[in-house]
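Values in this text are rule-based calculations from the coordinates and carry no lab data. Nothing here was measured: the structure is a model prediction, and the numbers come from that model. Neighbour counts are summed over all protein chains in view; Cβ atoms, including those assigned to glycine, are modelled from backbone coordinates with ideal geometry.
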Amino acid sequence: MAVDDLTKLFKHELRDLLYAEKTFLKGLKMMAKETSNPAIKQRIADHANETEGHIDTLGRAFEAAGLKTKATKCDAALGLKEEHDSFKEEEDPTPEMLEAFNLGSGLRVEHYEIAGYRSAIVLAKALGFAESAALLQQNLAQEEAMAKFLEAQAPGALDALSAASEEGAPIESSVEPEVASRSRAKSPAGRASTRASARA
Ligand SMILES: [Fe+2]
Ligand SMILES: [Fe+2]
């Protein structure tokens, strides 16, 4: 690929990342408000601060490559935000459901950023923009750490969601079907009736 085309592609990646970072900054602030667990809330607020830093660092990565700092509309970033908003509108989630959803939603965002930074770093190195590559690497490390954090929170959020669901459910429907299905599974007759009810 000609150097001009590589530079054009690099510029596009940086502009896309800048727009994505600005979009996700608003999203993180909203996510912090929607989170009740104090440790998770704090980590999200910290990542919002880191994101402000990412915007500055991106500006320096543009400059180090002799490019003008500019954002261009990133449809994927807008789509990820839209996904969050339409989940709230369409599913009318409980706070626990929304918190569990937000961990997955946040993880998608971090992985989008990770892919963007990794691609931009490869291009920066190919073009000989070592300083830009090093700056982008700083942002990438923080995105990777945030992705790891969010992933580690999923089991706790799911526990909170099932505990809240059990509290809200009537006693018969939360206990009996499980006991009944366990006893059916133990006996051949039970397995037959399970198959019969599965066919029904
Ligand atoms: Fe970021
Ligand atoms: Fe991030």
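Count Lys and Arg as plus one, Asp and Glu as minus one, and take only other residues whose Cβ is under 9 Å from that of Ala157; the net charge is then -3. Model label points for Ala130 and Ala39, set 7 angstrom from Cα along the Cα-to-Cβ axis, are 4.1 nm apart. Overall, segment 3-168 carries a charge dipole of about 920 debye about its Cα centre when +1 sits on the Cβ of Lys and Arg and -1 on the Cβ of Asp and Glu, all other atoms neutral.
Given the pairs Lys70/Lys125; Lys33/Lys68; Lys33/Lys148, which span a C-alpha to C-alpha distance of over 30 angstrom in this model? Listed pairs above 30 Å: Lys33/Lys68.
Order of 107-116, 157-166, 35-44 by packing, highest average Cβ count within 10 Å first? Each step should come with its number before you reach the end.
On the way: 107-116: 19.3, 157-166: 14.3, 35-44: 15.8.
The most tightly packed comes first, giving 107-116, 35-44, 157-166.
Placing pseudo-labels 7 Å out from each Cα toward the beta carbon at Leu9 and Glu144 gives an inter-label distance of 2.2 nm. Phi angles of segment 154-162 translate, via the Karplus equation with coefficients 6.51, -1.76, 1.60 and θ = phi - 60°, into HN-Hα couplings of 4, x, x, 5, 5, 4, 4, 5, 6 Hz per residue; Gly and Pro are given as x. With θ taken as phi - 60° and the Karplus curve 6.51 cos²θ - 1.76 cosθ + 1.60 applied, the whole-hertz 3J(HN,Hα) list for segment 106-111 is x, 5, 4, 4, 4, 5 Hz, x standing for glycine and proline.
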